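J.: The structure's right below; bear with me while I get my questions together.
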Amino acid sequence: MATVIKRATDTNQFISSEAEKTLIAICNNCTETRVFAALQGQAMKNAPTKEKICLAYTVLIERLAHRLKNFRELERLV
C-alpha cells in the first residue's frame with residue numbers, strides 16, 4: 001500500500017494515474033478490515049500523500065455504504 005500511495009503522488013502523470021487506479025482496485029477488492037489497517041499504518045507526510053490516503057478512505061466508505069454502522073472499526077474510521 002505504501003508503494004502504491006507513493007507512486008500515486010509521482011510527478012509522471014501516467015505513473016500517478018495508474019497507481020491511483022491500482023489504489024482504488026485494492027480498496028474495492030481486499031477486505032475492508034485489511035484496507036483500513038493498511039491505511040491506518042500510513043504516514044501522512046505531505047499534502048499529496050494525504051490526498052491519496054483520503055481518496056482511499058472515500059472508496060472504502062463508499063464500499064461499506066449500507067454496512068457502515070456495522071463496521072467494527074467505525075469509531076477509529078470516524
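None of the figures in this text is laboratory data; all of them are computed from the coordinates on show. Please read all numbers here as calculations on a predicted model, not as lab measurements. Glycine gets a Cβ as well: all are built from the backbone with ideal geometry, and neighbour counts include every protein chain shown.
J.: With the condition kept exactly as written, say whether any residue in the range 31-46 is crowded, with 16+ Cβ neighbours inside 10 Å, hydroxyl-bearing (Ser, Thr, Tyr) and either out of contact with any Ser or Thr (no Cβ under 8 Å at 6 or more places or on another chain) or not in a loop (DSSP other than H, G, I, E, B) (or both).
T.: The answer is no; no qualifying residue exists.
J.: Sticking with this one: Checking residue 10 against (1) closer than 22 Å to residue 78 by Cα; (2) charged (D, E, K, R); (3) assigned to a loop (DSSP other than H, G, I, E, B), which test does it fail?
T.: For residue 10, the failing item is (1).
J.: Something else: For the range 59-71, which positions are surrounded by fewer than 10 Cβ atoms within 10 Å (Cβ to Cβ) and in contact with a helix residue (DSSP H, G or I) (Cβ under 9 Å, 6 or more places away or on another chain)? So that I can check it myself, show each step before the final result.
T.: Kept after step one, since they are surrounded by fewer than 10 Cβ atoms within 10 Å (Cβ to Cβ), are these residues of the range 59-71: 65-67, 69-70.
Those that are surrounded by fewer than 10 Cβ atoms within 10 Å (Cβ to Cβ) and in contact with a helix residue (DSSP H, G or I) (Cβ under 9 Å, 6 or more places away or on another chain): 67, 70.
J.: Here's another thing I want to ask about it. Identify, from the list 38, 65, 47, 43, the residue that is small (Gly, Ala, Ser) and touching a residue at least 12 places away in the same chain (Cβ under 8 Å).
T.: The unique qualifying residue is 38.
J.: Yes or no: residue 8 buried (at least 16 other Cβ atoms within 10 Å of the Cβ), small (Gly, Ala, Ser), touching a Cys at 6+ places or on another chain (Cβ under 6 Å) and touching a residue at least 40 places away in the same chain (Cβ under 8 Å)?
T.: The answer is no for residue 8.
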